[in-house]
Amino acid sequence: MNPLKQLHDFGQSVWLDYIRRSLITSGELKRMIEEDGLRGVTSNPAIFEKAITGSNDYADVLEASRQQHVDAMQSYERIALGDIRDAADVLRPVYEDSGGHDGYVSLEVSPYLARDTGGTVREAKRLWAALERENVMIKVPATEEGIPAVAELIAEGISVNVTLIFSQAIYDQVAAAYVEGLERFRENGGDLSKVASVASVFVSRLDAAVEAALEERGVSGSDGKAVLGKVAIANAKLAYQRWKTHFAGEDWERLKSLGAQTQRLLWASTGTKNPEYRDVLYVEELVGTDTVNTIPPATFDAFRDHGKVRA
């Protein structure tokens, strides 16, 4: 059996950390849904930059923007909104079949707003309204200013992908913001089953930081090897234990009975950056019930080819 599809048997959803127009128009996205069990897509400005500069997919949009004297930000938004809408439409059957659990496409607010709570809320609401798709998540960074924006957006019934989480302490704040937002949404008469969220814990970037720190301190040999490729996985596993406590108990069961979904942990940055590591390390080591792994294309193909699935 396709190892990617096997992950679903262990309660984990596979999303793709990549988007570009030809992925959608060629039918490849639909094929991945049908043959690989793909259940969602994530994007970010860097992914769009690579798609735009590394292909001719958007030549028509860019030429039209040039003739209309549209600036770079407006051109980017035309491209991003179009791709996100189209991908959401392809994933709509997954969204419906899963009861709103999967089938999402994520679009990030401008990184320039990472330190602006009000600006993040306004931008997220504008993008949500422009996309007009239930199965979209707006990505908000887990900065000090971003976390209260998460609570505000959930309270308004907007699904959120909380991105760039590195520490367990920050994750605790993110989970609390989600529950706060659900409570406020319920108080305002909202249907809790219509809002969803994931908390994106970054993996390989943390190990890369550890490697740099070890090198800076001159730590090598057995001492260095004892932690190489292990810190990020340990951090993710401990976050998962915290997740179990956040979404349990009387208060959570009350929200759950009203249709609330858990805010799943999403493993992000799961392509290995160190060539000495197994190329599917951050997929194989993080298979857990009620989690998501958003996988870049090269790692996605590698796991299909030789990934091993175990809890």
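The values are calculated or read from the model by the stated rules, or taken from the named source; none is laboratory data. Quantities reported herein were computed from a predicted structural model and do not represent experimental measurements. Cβ sites come from the backbone with ideal geometry, for glycine too, and all protein chains shown count toward neighbours. When the accessible area is computed, the model is the full protein with side chains, heavy atoms only, and any ligands, DNA or RNA have been set aside. Shrake-Rupley method; radii C 1.70, N 1.55, O 1.52, S 1.80 Å.
For this structure, a couple of remarks:
- Single match in 182, 81, 164, 127 (criterion: assigned to a strand (DSSP E or B) and either out of contact with any Ser or Thr (no Cβ under 8 Å at 6 or more places or on another chain) or open to solvent by 20 Å² or more (accessible area, probe 1.4 Å) (or both)): 164
- Any hit, the stretch 7-22, residues being outside any helix (DSSP H, G or I), closer than 17 Å to residue 82 by Cβ and of a type in the set (Asp, Glu): no
- Number of the exception - residue 120 against (1) of a type in the set (S, T, N, Q); (2) farther than 18 Å from residue 14 by Cα; (3) outside any helix (DSSP H, G or I): (3)
- Hey, residue 206 assigned to a helix (DSSP H, G or I), modelled with pLDDT of 95 or more and of a type outside the set (Val, Ile, Thr) or not: yes
- Scope the stretch 25-45; condition open to solvent by 50 Å² or more (accessible area, probe 1.4 Å) and part of a helix (DSSP H, G or I); matching residues: 25, 28, 30, 31, 34, 35
- Residue pairs meeting the criteria (Cβ under 8 Å; at least 6 apart or on separate chains; first of a type in the set (Asp, Glu), in the stretch 55-73; second not in a loop (DSSP other than H, G, I, E, B)): 57/21; 57/22; 57/51
- Residues of the stretch 105-127 that are hydrophobic (A, V, I, L, M, F, W, C) and within 21 Å of residue 266 (Cα to Cα): 105, 107, 109, 114, 124.
- Selected residue (only one of 260, 239, 177 is under 20 Å from residue 141 (Cα atoms), touching a Leu at 6+ places or on another chain (Cβ under 8 Å) and either buried (at least 19 other Cβ atoms within 10 Å of the Cβ) or at pLDDT 95 or above (or both)): 239
- In this structure, residue 284 does not qualify as of a type in the set (D, E, K, R) and more than 30 Å from residue 20 (Cα to Cα).
- Count of residues meeting criterion [outside any loop (DSSP other than H, G, I, E, B) and either open to solvent by less than 10 Å² (accessible area, probe 1.4 Å) or at positive phi (or both)] in the stretch 269-294: 6
- The stretch 140-161, residues that are of a type outside the set (A, V, I, L, M) and crowded, with 24+ Cβ neighbours inside 10 Å: 146, 161
- Residue within the stretch 249-263 that is over 22 Å from residue 103 (Cα atoms) and part of a loop (DSSP other than H, G, I, E, B) present: yes
- Residue list for the stretch 60-74, restricted to those being outside any loop (DSSP other than H, G, I, E, B), open to solvent by 30 Å² or more (accessible area, probe 1.4 Å) and under 25 Å from residue 111 (Cα atoms): 62, 66, 72, 73, 74
- Subset of the stretch 99-117 [surrounded by fewer than 17 Cβ atoms within 10 Å (Cβ to Cβ) and either assigned to a loop (DSSP other than H, G, I, E, B) or within 18 Å of the chain's Cα centre (by Cα) (or both)]: 99, 110, 111, 115
- Restricting the stretch 84-98 to residues that are open to solvent by 40 Å² or more (accessible area, probe 1.4 Å) and touching a helix residue (DSSP H, G or I) at 6+ places or on another chain (Cβ under 7 Å), the residue that is nearest to residue 153 (Cα to Cα): 85
- Qualifying positions in the stretch 192-225 - of a type in the set (Val, Ile, Thr) and surrounded by 24 or more Cβ atoms within 10 Å (Cβ to Cβ): 195, 198, 201, 203
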